[in-house]
Structures are given as structure tokens and as C-alpha cells.
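Below is one structure, written out as C-alpha cells; the observations come after it.
Please treat every number below as a calculation from the coordinates, not as lab data. Everything quoted here is computed from the prediction, not taken from an experiment. Methodologically, a virtual Cβ is constructed for each residue, glycine included, from the backbone with ideal geometry; neighbour enumeration extends over all protein chains shown.
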Amino acid sequence: MSDVVEKTLTALPSLLSLDSHPGSAKLSSTSKLGNLIRGITELTSKHEEEKLIQHELLAIKEQVSSPNTTMRQMKELMVRSIYCEMLGYEASFSYIHAIKLAQQGTVLEKRVGYLAVSLFLNESHELLLLLVNTVLKDLQSTNLIEVCMALTVVSQMFPKDMIPAILPLVEEKLNHPKEIIRRKAVLALYKFYLIAPNQVQHIHNKFRKALCDKDPGVMTASLHIYLQMIQENPEAYKDLTPSFVTILKQVVGGKLPMDFNYHTVPAPWLQIQLLRILSLLGKNDQSTSEVMYEVLDESLQRAEMNHNITYAILYECVKCIYTIHPKSDLLEKAAKCIGNFVLSPKINLKYLGLKALTYVVQQDPKLALQHQMTIIECLDHPDLIIKRETLELLFRITNGQNVTVIVEKMLEFLCISEDDHTTIDLVGKVAELAEKYAPDNEWFIETMNTVFSLGGDMMQPDIPNSFLKLLSEGFDSVEEDRKLRLFAVNSYIPLLRGEPGKLPQRFLQVISWVLGEYSHLREDLEPAEVLSLLAKLLDMKNSSSETKSWVLMAMTKLCKGGADASVTQEVSETYSSSLDTVLRQRAHELQYLSQDPELRARVLPRGAKPETLEVDSSLSFLDRFVSEALAAGAAPYKPPHQRQEELDQSKALSLEPYGLSLPISMSSCSITDRQSPTLLSMSSGLSGDSADLSHKGGSSALKLDGIKRVWGREGYLAQREPVEEAAQVEVPSPIQSPGRQGEGDSLHSQTPTQTPTPEPEQEKQQLASSLFVGLASQSSVSLMGKSEPMPQRFRRKAKGQGLGSSFIANEQISSSLISPPSAVDNLLCNNLLDSNNASELAEQTSQLSQSLTTANGTCHAEAELTESDTKGCNPALRRDNCVVAAGPGPHNDPGRLTEVCLDSYLPAELSGLSHSEIAPLCANQSLNLSACHVQKEDSLILVVFIMNSSESAIQQMLLQVDSEELEVSCLCDSPAGEVTSHSVAVGQYSLTVTRPAVHVEVVGTVSYQLPAGTSQSLQFSYKVPLTSFIRPFVVSTEEYGTMWLSFSHDTKQNLTLINDNQEPLTATLNALKKKLQLHVVEVIGMEGIVACRLLQDLPCLMHCRVNAGWLAVWLRSPVPDLPDCLIYHCQRALQSL
Amino acid sequence: MQFMLLFSRQGKLRLQKWYVPLSDKEKKKITRELVQTVLARKPKMCSFLEWRDLKIVYKRYASLYFCCAIEDQDNELITLEIIHRYVELLDKYFGSVCELDIIFNFEKAYFILDEFLLGGEAQETSKKNVLKAIEQADLLQENIDFQMRLFAGMVVPNMASESSGLFQN
């Protein structure tokens, strides 16, 4: 047979060379792939395969680097490289050629090139930078397939820093007539959003457009973005709830084209996506939830067909119903649904049923009760996954009464589980339950012993820590404490006498600590015996040095001299020359303390309660040290984030221009809160003066509370509330009192297997009633227990939460930093925001951006102002402008005319300076108000012209000017009093910015009296762009450097470069300099530094770097908002070129 | 979705698509362990796995295992249907697809996957649209294809199981 194949294969090329090219190369390479694949399948050993592939790779390598290889051959070579990589052999030499193929090949070869790139590289690979240009080119291609390919690769991977380079092109594709392009563009933006959310903030309104796309595919794609955004900030998208509900209604109602059906179910993927979004929106929000009740109900009803896909929808529905604000009849239906899942013979559905139960059981513990027999069956399921999920469910319904049974089941599972992840997780859960619900000392200690033996050294380090804390801190009753400790000691001694070599290190550490502290409680136990048992541990080969140091510490606590001396002497001698410094120290401690009982009693007092340590968290005791060090010339302390920034600064080419260094320091903070057992042991005994340690001590006080309370409720302090307890325990465990089993069963009336049952059934029922005890009658109690923030769990997760919250904080920081420029972009794009979007933005962004958003409507007017303003700077140009402007345009004629005549009223001292166009402000029958601003070197003067256009004089005229963002001071000759007919009064005000905004506004009122005696007033407002307040700021590069570090407010943005003939950086900087009056401090290679100041004396520094066709600009200033405003003006300035 | 793997009953990787950036070493390790874990499972067992900190959804079609790793909040059942839809697409494209088709035309299988799932999310769920997109690109395909198909259709010794249609059992 193989001969036949062989012949056919060799014959193939000639048979099939229908191709116009006699391309033998191509065909032979094809059959090479065939040969390779076939060759591999025929091999018998891994070694042979390795040889074959290495040979193949060599051949490929030779060919790809040969200059004679055509792109077509390259395509085949790439396919073979992909194959080799898939088999696990590295073919990294071909990566660069894959990029080349994507760059240079024809459409078809390109496709393979892109595919190879997407399979070979991941988004952090440096070679990916080389793909940027290819992608850029293909995005601009007229060939749709090329555009599609580019978008496909972009949505899979793209270097984060290069996003700005292609973002405009991708955005453009959102308006493409072809839906496939729009869809891919949306997904590309989704990818961008995931890797660099701040870069796509300004196109949120485009996402809205995509959501409203007429093509369901595009709309579905946009939901990915929405799901992500809503997950991060549900509040901002509440207004979209009705839209999502409507879409879901239409989908469920079958309004979509048949194409989107999957096994007759309309667009299930879309439905599930929408349900997930709705559950996020409706969580903890009654009014939003109410909007979706109806459609959820409909979804539940529609999904009736018996197919996986309907179950998928149902599952999502149920999850949604239990997540949002509850509605009783929906909950009922959802519960029924869960029932169907749980009872289903299909194992996948059963699994999901259990998962759903686990999810809802905290809200509705009775639901677990209904399915108790199924749960029991699942507990013995041959599939470990099902078993595991059942345990998870049981974990959630554990209470003081069923804890022993549930923990037993969990430990059983632990014995057979081989997966480390499961072990770690379950061990943690058992420890948690044991601490919370332990019925007595013996059980607790025994369970913890099993936990330590099974969990080994994989378990979370805080399990032994909290266990030891529990022992050392004790509870309310001294006697109970003594018993617990004694029991622990009693249980450990036989373990050590047995085979301690088999115990995990962590357990040995716990044992040595407990014996060191509490072995004296057992009177019949000679310290010498404990010492020799401990010494045995030191001799074991597999004891880690950490364990040894615990053991030595325990020995130090135990030794009393006398008979013990020989053991301790020997041990301390052995280890006082150890290479491990910690061990050596411990050995010395042991040596000295064992010889000096008095000192030992002082250092390690027996039975001492852990004291709450006063923590001087400000470390004030170090103040003297610090001031001495400073006096001696030490550098002052810098917080980590500042150091980080300086570091970034020193290597100016930071490849992460938009990242904040903050989160690193914050997260590292919370990580240090982790407690290691060594620290614990030290704080309990030896020293407490290190700040770090005492900090731990402080946190322990918090923890203690939690433990006490939990134990008090169900464990040790049961006698405290005996009456209450008795009343609640209506269904005690039937194992203990079989006489009451009937009663228990009658409560669980829904169980199907209730009638006279054979032996195993009865067993199951017994198990059931012991498992579910405390759920039925006592559900309120267990509910309470669950809804309480569980102290143990809370503490254990605190690290994660700490991280989470710091992350959120950071998110907030970054969003507040980044949103202003995004609003600016909105303006720039000149997109008319719909009202929704405006309000959404307003919520998100700072006050600055609010003012921007509202200013949006008057964008054009401002543009004019800016223009005239800049022209004002250049007198020659202004003349031209006046001439031109005075000619056409009848609508602004009156204004121009006034200007012409008002020009002469400009105060003499200002007339030589450049001023903006004199703009009419407002007018009524008697007054005409106009204004302009004059730029002086270190001030800005607002000149208001009040022209009396009536025939009579007006009296008692009063001009008041004020502003929110500015400090307005009236210059001496402010007009007041009388203005005669057809004359002009002029007011001058000096303006200083107090709060930077893109445009600052002056509002004013003129009040006056007509001769008739009636008083009138006229209000006006006048806007000045911030640029009018900007002056060049002359500094040296060194001064710039020091200032840069000291400024705290910054913003970053990419600007377009001017590409004319000369050097783009210089051209762009010159344009900015001309338009905005900036001072270019220095240009070094591809970087430039620029400085300016805002009147009077508020500096703003600008660092520009050319990066992939963009000008990456980083602004810093001591004034908040100033960088954001300035970047806006830079953008405008460059746009208007 | 974090990644998708296709492997044979013998544990040979047939297709791999990673939607999360991982080092090659990690990828290899995950693949090796996961293939082992999945192959060790019995036919009647649950298609979902909690493996390490991942959720795995897998399904066997003839001699091929399709295996996806999903995030915690993702829906397992719909992932199962994603796999099924992918097989449907392959089946429609290759015409009664078998493992051999995928072995010899793995780049095609990748192209189809890229049209169906993009960046780990279902991109286009309409079967017609996915195939239309593929066919448009394929219109440019030369008759090299034809040759591949002929070759792929042939039963090679040791490959008997791979050549049985995925939908057959």
C-alpha cells in the first residue's frame, strides 16, 4: 500500500501541473510538506522524529535565507515551519521571514505570512514592530482581502505602543460599507481596549455607533467592548439598559436573519453576551433590574428545545436572574431550571446544575435541600470533576452542625486527588471550615493535622500562621485554651515518635513551635524527651534549613540546663558553625540562653500572652538617625514612584509612554502584608522592635477579633447561648439520634426516594440528613452566618482585595488623568456627541472636560477667535487679514465696521501692541459692547468698548467684570459715570489665570440709567483661549531637567507630525513655537524639549519625541489641568496647518 | 477564550491557537499536561474540567480532540457549541472533514478559525458568512489546493483512523 502511495505522490507533480508556471519548485516543496507529514506518521520513536525534524529545519533554514527563494516558495516554507513549531520544535529563524512574506508577498502569500506571524509571535515579541508598516499599508489597501487580513492580525496581536499609529485607520474602517470590515475593525478596537484602554477612550461614541450598526454581526462584535467596559464601570452605562433589553427582545423574538440561527435558536452567542451585560447592569440596582424582568422571563420561556445551546442560554439566564435585584416569580422559574439541570442525566448539564446551585445557594439554601439526594449521588460520582464541584457546593452550605460530615468528605477527596491546584484550594477550604465551625478541640486539632499532612508544603502559608495564632492568642476561657494546646501537644508527640520524615516541612515547623511553647503543659512529659525528639528532626536529611531554625527556636524555649544540656550543647555546637547565617544565629541563641536561665526567662517568658504591640508606623524613632544622615550629606528620601519616574527619565526612551508607574508600588505594598511563619515566631517570642515586625503584631489584633467571634458562635462558646441554640436545633444529626430521623425526612419532603428503602438508600438518606442539617429549619441562622462578612475568609482574601482596590484606585487615577485629553479628542473629531454620550462623559471626566464638552457647540466660533488671536501676534499678517475680511461676508460686516472705528479708541499705551480682533459682544437699542484682548509681555489686558449708540447720554454706568477661571483686576481708568451720545467708553482689565481651562471666560455686566430714569443692565461674556496667556519660557536644559522632576501634573499624547521637506521634528516644533509662543529649549536627535509659562509665572514643560510617524508629547507642570489644556491647543495648532 | 488546541487520540497536536501571550515554554508545558489530562478521561465523563486555574472545555470528534480554555465567567455550554460550530465549518468547507484534512491543510483550518474566532471571541457566528469570507480569499487560491485535496483523500497506512469523518462517531 505504501508503495502505491509513494508512486502516486511522485506522480502527482506531473499530473497536476496545470499551473501555467512549470513551477516544479512549488510542487516539490508541497510534496515536501506531504512527505514530512507522512514521514512523521511512519516513525516509531521520538528520537527518529527529532532527527527528521532537525533535518527538515536545516533544509528550511537554508532555503529561507537563500536570496533566490521566491515568495511563493517562501509561502510553502512557512507552512512547513508552522508545522515544525506545532510539533514543538523551534523555528525562530523563520519569524523574520514570516514578516517579510506578509510584507512582500501577493495577497495569497501575504495571508500565509500573516498567519505565520500570528502563530509564531505574541504581542510582546520585538519583531512585531516590523509588522507595523505592513499593517499600515494593508489597512490602506483597496483590496478588501488585504484590509481584512491586516485587521485580523491586528485584532490578535499588536504592539501596545504602536496603536496610535494605526488607530485612525482602524477607526476609519468603522464606516466601511462592507460589514466584514466594520466587524473586524470593531474587534480590533476591542483588542486595543483590552491592552491599552486609555488609547481608545475618545472613540466611545463610535462604539455606540457600532452598537447601532444595521448588521447584526457588527453589533455583536461591539458587545464584546461593552461587556468589558460595563464590567469595569457599570454605572456609566446604565442608560443603555433599555437598548440592550430591546436588542435581546428582538433576538429572542426571532427578528434576526435566519443566517444567525444556530440549530434553530436565534443568535445564541448574541443572547448570552446580552444576558451577561444585563446581569452586570442589574446587579444591586432595582430600577435597572426592573427594566429587564420581562425579557428574562421571555428568554426562559423561549428556550425550550432540548439542545445544548438552549441550555447554555438558560444557564446564563439563571445566573442573570440570581445576580440582579431579585424578583420572586423569576427566581422560582430559575430555581426550576436549576432543578432540570441537576436532575438531567447528561453529565455536562448536571455539572452546570451543581455550579448554578453553588452560585445561588447562599441566597437560597433551601434549593440545595430540594436536591439533596442528587447531591449525595454526585458526591460519589466516578468523575472527579463532578465530585469536586459537589464539594464546592457543600462548602457553601457548611454550618456548625454539618461541618464534621462535610470536612470528612473533603478530606476523603483530598486523599485521592492528584492535582496540586485542587489540593491547595481544598486544603484552604477545610482549614477555613475547621477554624470557623469546629465542634470541639479534638476534632479541630485532628482535622488540622490531616490538613497539614495532606496539604504538605503546597498550601497557602497563612494556614499554619493562623493556626498558630489561634493557639497562641487563645479564647475567652483559659481552661479551654489549655485543653486545646494540651491536645495539640498530645497529638504531636506520637507523630514525632513515629516517622517524622514523612511529614511535610510546614507541619514540622508547626509541631516544633507548639512543642516549644506548650509541651510544658503535659506534666508527664520530660523536656529532655521533647528535646531529643526535636533533635532528631535536625538530623533528618530532608529537613529544610527553615524547619531547622524553627526546631532550634523550640529547643531554646525548652532547654533548662541540667540533663538537657548535653543535647543542646551538641546541637548548638553543630550549628554554630553552619553556613546558614540564620541557623548559626539560632544556634548561638540556644547556646547562650540555655546557660543563663534568668536571661532566658526574661527573653522567652513562658506562657506569655502575645501583647498588642504599639506600632509607630511613622517610624518617628528613626527621625534622629535620618536627620543625622541628612546632615552628613545623605540624599533625601524619595518615594518609590518618584524614583521610578526618575529612572524612566534617565533612560529617556521609555517604551511605555502611557503607563503609570504607580500601580507597581501600590501592589508591592500589599504584597508585603503577607506573613511568613518565621516572622510570626519571632514576634511571639524574641524581638519586637523592628518596625516591620511590630506592624504584623498590629494586624494580629484585628484578626483575633474575627476568630473569637466565629468560634463563639458555633464552637467553643456554645454554652454562652445554649437556649438559643437548642431552639434552633430542630433537626439534629440523625446519626446521633436515629429516633428523630423521620422528622428530619419529613422536612425534606421533596426527596423522591423516601418510601421504604433498601440499605444503601438508607445510608444515603442518613448522609443527606447529616449533610443538610441546619439548612431547613435553621436556614435563617445559616443565612445569617453566611451573609456576615466571614472574618476568616475576609482576612485570607484581604491580600487579593488589597491588590484589587489599589488597582481600582489606580484605574481611577489614570482615568482622571487621561479623560481630559479624550474629551479634547472628541472636540477635535468634531463629532457631535449625542446627549447620552455627553452626559456620560460629563460623569467620567473632571470639571475641565465638562467645560470642554459644553463648549463643544461653539467650537467654530472659538476657532475663529484663536485664529484672529494668533494673527494678532503678527501685525503684518493682521493688516492683510483686515483688508480681506472687510470685503466679503455681509453677515459680519457690522462687526468689522465697529472694529475699524473702535480701533482708534484703543488706549494709547496699548495701541502699539498686538491685539485680537475687536469682537462685538452684545448690543441693545442704546449700547453696543465690544471687546478685545491685548497681549503684553507679562500680562494680558482685556479691553471692553462701550459705545453709546443712542441719541441721548446714559448715566451712572457701571461695568463689572468677573470670571471663574481668572483673576480680574481693574486697571485705573475704568469707565464709570456718564457716556454721551455716540461716544465710546473704554474699560481695561488685567487678567491672570487661576485655574487653567482650554478657554477661559470673562462674564460682565454693564448697568446704566437712561435719561428717562429707568435703570437697565446688559450682560456679556467673552472668551479668551488659553494660548493668549502663554509666553515663551527661557530656560537652560539643566534647569529644565530639574524642573521636570519636580512637577507633578502630566499628560501624554501623540500628535501628528508635519511632514514637509525639512526635518519633521523641527518643522513641527517651529510651527508650535510660532502658533503658541513656546520656547524650544533644545532639540537632540529625535527628541525636543520645549518650555512655556502661563502668565504670570506658571511653567509648563513639554517633551517631544518622534515615534513611528507620530510626535509623542509629554507635558508636565505644577498646575493641574494646564498640561491637558495645552495639549489641546497643540493639537488644534497642528490641525489648522 | 484563552487558547484552543486540537490533538489526536495519540496526543499529537494538530492545531494550536493562543489568545493570551505566553512563552513557548509555558505553551509546551500546558499542552503536554492538558493533552495528558484530557486523554486520560473516560468517554462518559463531563466535558468540562477545572484544570489548574483554568476552565477547560473539550469534545472529541472521531479521532480528534478539540479543547478550549476559557475564563471563569465564560459559559461552558456555549464554548462546547463553539467547538461544534467550528467542526461544522470545517465539515462544510472540506466536505465531510476528517483528521487528514486538518493535518494536511492545517493552514486552511487556521484561516477558518480566524474568521470564526478573533482574539478569542466569537467573531462571526453565521456559518454562511464565515464560509463566504473564506471562499472569497480562496478564489485566489491556485490549483495547488486541488492537489492537496487529492492527496489528503488518500488513505495512507497508519492513518486509517485519521481519515474517518469527524462526524461519523
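Which of the pairs A:Lys51/A:Lys75; A:Lys346/B:Lys132; B:Lys27/B:Lys92; A:Lys191/A:Lys350; A:Lys249/A:Lys336 have their Cα atoms more than 28 Å apart in this structure?
In this structure, A:Lys346/B:Lys132; B:Lys27/B:Lys92; A:Lys191/A:Lys350 lie more than 28 Å apart at Cα.
Just to check I understand the Karplus step: with θ = phi - 60° and J = 6.51 cos²θ - 1.76 cosθ + 1.60, what whole-Hz values come out for region A:128-136, glycine and proline as x?
4, 4, 6, 7, 4, 5, 4, 4, 4
With a/c under 1.5 counting as rounded, go ahead and sort region A:166-307 into rounded, prolate or oblate using the C-alpha gyration tensor (a ≥ b ≥ c being the square roots of the eigenvalues; past the cut-off, prolate if a/b is larger than b/c, else oblate).
Oblate, because a/c is 1.5 or more while a/b does not exceed b/c.
Using r as the Cβ-Cβ distance of A:Ala923 and B:Asp138, and R0 as 51 Å, what FRET efficiency do you calculate, to the nearest 0.05?
Computed FRET efficiency for A:Ala923 and B:Asp138 comes out at 0.10.
Which FRET efficiency value, to the nearest 0.05, is calculated for A:Asp903 and A:Lys238 with the Förster distance at 51 angstrom and r the Cβ-Cβ distance?
Result of the calculation: an efficiency of 0.40.
Please compute the Kirkwood hydrodynamic radius of region A:492-628 from all pairs of different C-alpha atoms, in Å with one decimal.
Its Kirkwood hydrodynamic radius stands at 16.1 Å.
Quote to one decimal, in nm, the extra length available between A:Glu598 and A:Asn1059 on full extension: 0.36 nm per residue of separation minus the C-alpha distance between them.
Here the answer is 157.5 nm.
Would you mind checking which residues have amide H under 5 Å from A:Val1000's amide H? H placed 1.01 Å from N; only 5 or more apart, or other chain.
A:Val1024, A:Leu1026
Name the residues whose placed amide hydrogens come within less than 5 Å of the amide hydrogen of A:Gln1016, ignoring near sequence neighbours (fewer than 5 apart) on the same chain.
Placed amide hydrogens put A:Tyr1008, A:Gln1009, A:Leu1010 under 5 Å from A:Gln1016.
Can you pick out the pairs among A:Lys160/A:Lys319; A:Lys548/B:Lys25; A:Lys206/B:Lys55; A:Lys137/A:Lys1052; B:Lys55/B:Lys108 whose Cα atoms lie more than 31 Å from each other?
As for pairs spanning more than 31 Å Cα to Cα, those are A:Lys160/A:Lys319; A:Lys548/B:Lys25; A:Lys206/B:Lys55.
How large is the convex hull of the C-alpha atoms of region A:939-993 per residue, in Å³?
Expressed per residue, the convex hull around the Cα atoms of region A:939-993 is 71 Å³.
Could you derive backbone 3J(HN,Hα) for region A:233-240 from the dihedral phi with the Karplus parameters 6.51, -1.76 and 1.60 (θ = phi - 60°), listing whole Hz in sequence and x where the residue is Gly or Pro?
My calculation for region A:233-240 gives 8, x, 4, 6, 10, 4, 5, 8 Hz in order.
Give me, ordered by chain and number, the residues 5 or more places off A:Val1081 or on other chains with an amide H under 5 Å from its own placed amide H.
A:Ile1089, A:Val1090, A:Ala1091
Stretched out fully, how many nm does the piece from A:Asp1097 to A:Ile416 gain, at 0.36 nm a residue minus the Cα gap?
237.8 nm is the gain from fully extending A:Asp1097 to A:Ile416.
What shape does region A:440-500 take by its C-alpha gyration tensor, where a ≥ b ≥ c are the square roots of the eigenvalues and a/c under 1.5 counts as rounded, a/b above b/c as prolate, and the rest as oblate?
oblate
Just to confirm the filter: which GluC sites (Glu not before Pro) across region B:26-96 are DSSP coil and have at most 12 other Cβ within 10 angstrom of their Cβ?
B:Glu71
What ³J(HN,Hα) values, in whole Hz, does the Karplus curve 6.51 cos²θ - 1.76 cosθ + 1.60 give for region A:945-953 when θ = phi - 60°, with x put for Gly and Pro?
With coefficients 6.51, -1.76 and 1.60, one gets 9, 10, 10, 7, 9, 8, 8, 10, 6 Hz.
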